[in-house]
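Visitor: A single structure is presented below for examination.
The values are calculated or read from the model by the stated rules, or taken from the named source; none is laboratory data. Here the structure is a predicted model, which is why all the values come from computation and not from measurement. Neighbour counts are summed over all protein chains in view; Cβ atoms, including those assigned to glycine, are modelled from backbone coordinates with ideal geometry.
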Amino acid sequence: MEAAGKRPEARKSFARHWQLYLVIAPPLLFFLIFKYYPMLNAVLAFKDYYVTKGIWGSPWIGFKNFEMFFENPIFWTLVKNTLLISFYLLLAGFPIPILLALMLNEVRNQRFKRLVQLVTFAPYFISTVVMVSILMLFLAPRLGFVNVFLNHLGMSSVNFLGNPGLFSSIFVWSDIWQTAGYSAVIYLAALSAVDPTLYEAAKVDGASRFQKIWNVDLPGILPTITIILILNVGSVMAIGFEKIYLLQNNLNISSSEIIATYVYRIGLLNANYSFATAVGLFNSVINLVLLFSVNALARRFSNSSIW
Amino acid sequence: MATAATRIKESAADRAFLIVVYAILIVVVIAVLYPLIYIVSSSVSSPSAVSAGRVWLWPVDLSLKGYQTLFKDPQVLTGYGNSLFYTAAGTAISVCLTVMLAYPLSRKTLFGRNLLMMVITFTMLFSGGLIPTYMVVKALGMIDSRWALLIPNAVWVWQVIIARSFFQSSIPEELVEASEMDGCSDLRFMRSVVIPLSKPIIAVLVLMYAVGQWNAYFDALIYLKTADKFPLQLILRSIIIQNNSGNSVMDAMKQVERQQLAELLKYSLIVVATLPVLIIYPFVQRHFVQGMLVGSVKG
């Protein structure tokens, strides 16, 4: 009944907007070719790939690639490194932009406020390659700025990037340096939308600045915080390949190899296509499940969810 | 009296609180700014000062040797030219496709718009993965072609969402209806009404795509094989991160001098690669912030 009712509507819309459908066709084609066709190609994960036979002609092997991955001792190392770096980033990197925004919101001097925003936002525009280059120059064992400084203080040099124990901290804190100002923008916008009568009421009640932040600002931006938290938790397995890959070296590989860099190594450098596809697919599926569960939890316990 | 006294006492506590806030923010500004100043200062210092670790904040023995050497290096110049090309061409393609997708999706009378929007946003949550995408690009014959950096990641879903909510909120429905009544076609309306009214959002799209394209290295890493097609970021990676500084310009020098210069070159290279973005940044920051906010309203 409903479908029957929709068909004339579709025909009418097509007659009226045929030009718009023509305009939208090329970008839609882009999504089909570069986003949806790869999803079909992901059947590679269940096949034993032969270049001569192509993706569709290669024989099915079911879940063998996955079994091989789970039984491989590197599996637990990869999962451990991926989760460790992500949760470290989440725990340290999530609250800092909120604190920054709350502090900026207290500043009454507009020029100072703009200056802080301008400066803290700037590192966001530095490319990953430059960011890693800066880290390597500053942390270099011999001539690096940090070690020269340590030597001046009478301490011996540290090989920062060669120490597996320091890898996650270097990654996380440089990431915070680069993105905290950018991430604070969204909270600042939420803060500017808080109902002004609440501040009046707080003032009448004689609330201190801290009480005002705690009782008005924070509850006011809680929905935004929840949504950003869902997105962050939902992407813990999707930690970026680009920066970690550039920071890797033979000395820190035991704590810097994550699922994404392993897929690149096995898949593109060693040309083991189907196995790498299986590893990548495992990662994507876990990520999707995680995002859905976090969203469902948030919907149950608060009113904010991303859909 | 009593209330006045407590108010003064409270404001003293508040003032202390505010001083702490200002102090922390000043520390934050210094922590962000110091590394940047240090790099710029090093890049215009003498090679020996840089490698002896004598630079702390301001340039030591002012010298432009790093930049002079850099602009004689064919590898760097090619990379710079390539990056300019990829940024210009890639941004043009991306902005066109994004507008072509976002505008029709903003029209309420377009049948199927919700379904199409879902199809597009789903790609943010799930992807085929690295290898399956690589195989598509390979099947299209784009490996080691300049197209590989322009097409496979041309449209970012986030940009589509931002542009669509802009069109929805700033092109009045009455305007569409009135012009339709006058027999104006959708295409003509798009060309002579929508595009001129959308300059702010097009500016945001251009900036975001341009910065993204200028800073990207991953697609070049996996799809390109020939060095003379490499963008600047890959050259940077090879010289600084992989430490391949054996370029032809420096061959004639003595070992020690060459090492010192190689160290200096890294700083100059960082400045040269980042400068185009950081110079325009203060002028466009406002647009960036607006773009982010437009997207988050309905995102």
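Visitor: Quick check on my filter: what residues within region A:171-198 are touching a residue at least 60 places away in the same chain (Cβ under 8 Å) and acidic (Asp, Glu)?
Guide: Selection gives A:175 alone.
Visitor: Given the residues A:245, A:264, which is the only one that is in contact with a Ser or Thr (Cβ under 6 Å, 6 or more places away or on another chain), of a type outside the set (A, V, I, L, M, F, W, C) and either free of Cβ contacts under 8 Å to residues at least 40 places away in the same chain or not in a helix (DSSP H, G or I) (or both)?
Guide: Details: A:264 fails: in contact with a Ser or Thr (Cβ under 6 Å, 6 or more places away or on another chain).
Result: A:245 is the single residue among A:245, A:264 that is in contact with a Ser or Thr (Cβ under 6 Å, 6 or more places away or on another chain), of a type outside the set (A, V, I, L, M, F, W, C) and either free of Cβ contacts under 8 Å to residues at least 40 places away in the same chain or not in a helix (DSSP H, G or I) (or both).
Visitor: For residue A:59, all conditions in the list (1) assigned by TED's automatic domain parsing to the domain that holds residue A:159; (2) farther than 30 Å from residue B:20 by Cβ hold save one; what is the number of the exception?
Guide: For residue A:59, the exception is condition (1).
Visitor: Okay, next question. What are the residues in region B:156-205 that are closer than 24 Å to residue A:14 by Cα and among the β-branched types (Val, Ile, Thr), if any?
Guide: B:160, B:161, B:171, B:176, B:193, B:194, B:195
Visitor: Considering A:104, A:135, A:143, which residue is closer than 27 Å to residue A:250 by Cβ, within 14 Å of chain B (Cβ to nearest Cβ) and either of a type in the set (D, E, K, R) or assigned to a helix (DSSP H, G or I) (or both)?
Guide: Details: A:104 fails: closer than 27 Å to residue A:250 by Cβ; A:143 fails: either of a type in the set (D, E, K, R) or assigned to a helix (DSSP H, G or I) (or both).
Result of the check over A:104, A:135, A:143: A:135.
Visitor: Are any of the residues in region A:221-239 closer than 18 Å to residue A:107 by Cβ and in the same structural domain as residue A:268 (by TED's automatic domain parsing)?
Guide: Yes, region A:221-239 contains a residue that is closer than 18 Å to residue A:107 by Cβ and in the same structural domain as residue A:268 (by TED's automatic domain parsing).
Visitor: Give the residues of region A:120-132 that are surrounded by 19 or more Cβ atoms within 10 Å (Cβ to Cβ) and either more than 7 Å from every other protein chain (Cβ to nearest Cβ) or in a helix (DSSP H, G or I) (or both), sorted by residue number.
Guide: Taking region A:120-132 first, the residues surrounded by 19 or more Cβ atoms within 10 Å (Cβ to Cβ) are A:120-123, A:125-132.
Passing the criteria: A:120, A:121, A:122, A:123, A:125, A:128, A:129, A:130, A:131, A:132.
Visitor: From the residues in region A:263-282 that are within 19 Å of residue A:81 (Cβ to Cβ) and surrounded by fewer than 23 Cβ atoms within 10 Å (Cβ to Cβ), which one is nearest to the other protein chains (Cβ to nearest Cβ)?
Guide: A:264
Visitor: Something else: Quick one: which of A:98, A:61 is β-branched (Val, Ile, Thr), out of contact with any Pro (no Cβ under 8 Å at 6 or more places or on another chain), within 24 Å of residue A:192 (Cβ to Cβ) and more than 13 Å from chain B (Cβ to nearest Cβ)?
Guide: On the way: A:61 fails: within 24 Å of residue A:192 (Cβ to Cβ).
Answer to the check: A:98.
Visitor: Go through region B:137-153 and give me each residue that's surrounded by 20 or more Cβ atoms within 10 Å (Cβ to Cβ) and of a type in the set (A, V, I, L, M).
Guide: Within region B:137-153, B:137, B:148, B:149, B:150, B:151 qualify.
Visitor: Can I ask one more? Identify, from the list A:305, A:235, the residue that is of a type in the set (Gly, Ala, Ser), facing chain B (nearest Cβ under 10 Å) and surrounded by fewer than 20 Cβ atoms within 10 Å (Cβ to Cβ).
Guide: Step by step, each of A:305, A:235 is checked, and only A:235 is of a type in the set (Gly, Ala, Ser), facing chain B (nearest Cβ under 10 Å) and surrounded by fewer than 20 Cβ atoms within 10 Å (Cβ to Cβ).
Visitor: For residues that are assigned to a helix (DSSP H, G or I) and among the hydroxyl-bearing types (Ser, Thr, Tyr), scanning just region A:35-91, find the one that is surrounded by the most Cβ atoms within 10 Å (Cβ to Cβ). Walk me through it before giving the result.
Guide: First, pick out the residues of region A:35-91 that are assigned to a helix (DSSP H, G or I): A:35-46, A:54-57, A:64-71, A:74-91.
Right, trim to among the hydroxyl-bearing types (Ser, Thr, Tyr) and you get A:36-37, A:77, A:82, A:86, A:88.
On the way: A:36: 16, A:37: 18, A:77: 16, A:82: 23, A:86: 21, A:88: 16.
Checking each candidate, the answer is A:82.
Visitor: Taking helices (runs of 4 or more DSSP H) that do not extend beyond region B:1-108, which have at least 3 residues that are modelled with pLDDT of 95 or more? If you could, list the steps in order and put the result at the bottom.
Guide: On the way: elements: B:2-43, B:47-51, B:65-70, B:74-106.
Ranges flagged: B:2-43, B:74-106.
Visitor: Looking at B:218, B:189, B:166, can you tell me which residue is within 14 Å of chain A (Cβ to nearest Cβ), under 31 Å from the mean Cα position of the chain (by Cα) and within 30 Å of residue B:116 (Cβ to Cβ)? Before you say what the answer is, go through the steps one by one.
Guide: On the way: B:189 fails: under 31 Å from the mean Cα position of the chain (by Cα); B:166 fails: within 14 Å of chain A (Cβ to nearest Cβ).
Result of the check over B:218, B:189, B:166: B:218.
Visitor: Please give the helices (runs of 4 or more DSSP H) falling wholly within region B:173-241 in which 3 or more residues are under 30 Å from residue B:69 (Cβ atoms) and of a type outside the set (S, T, N, Q).
Guide: Numbers: elements: B:173-181, B:186-189, B:199-215, B:218-223, B:232-236.
Result: B:199-215, B:218-223, B:232-236.
Visitor: Quick one: in region A:9-48, of everything that is within 7 Å of chain B (Cβ to nearest Cβ) and among the hydroxyl-bearing types (Ser, Thr, Tyr), which residue is nearest to residue B:147 (Cα to Cα)?
Guide: Checking each candidate, the answer is A:37.
Visitor: Would a scan of region B:138-152 turn up a residue that is within 7 Å of chain A (Cβ to nearest Cβ) and closer than 17 Å to residue A:30 by Cβ? Don't jump to the end; show me each part of the working.
Guide: Restricting attention to region B:138-152, the residues satisfying the condition of being within 7 Å of chain A (Cβ to nearest Cβ) are B:152.
Checking the rest, the ones that are also closer than 17 Å to residue A:30 by Cβ come to B:152.
Yes, some residue in region B:138-152 is within 7 Å of chain A (Cβ to nearest Cβ) and closer than 17 Å to residue A:30 by Cβ.
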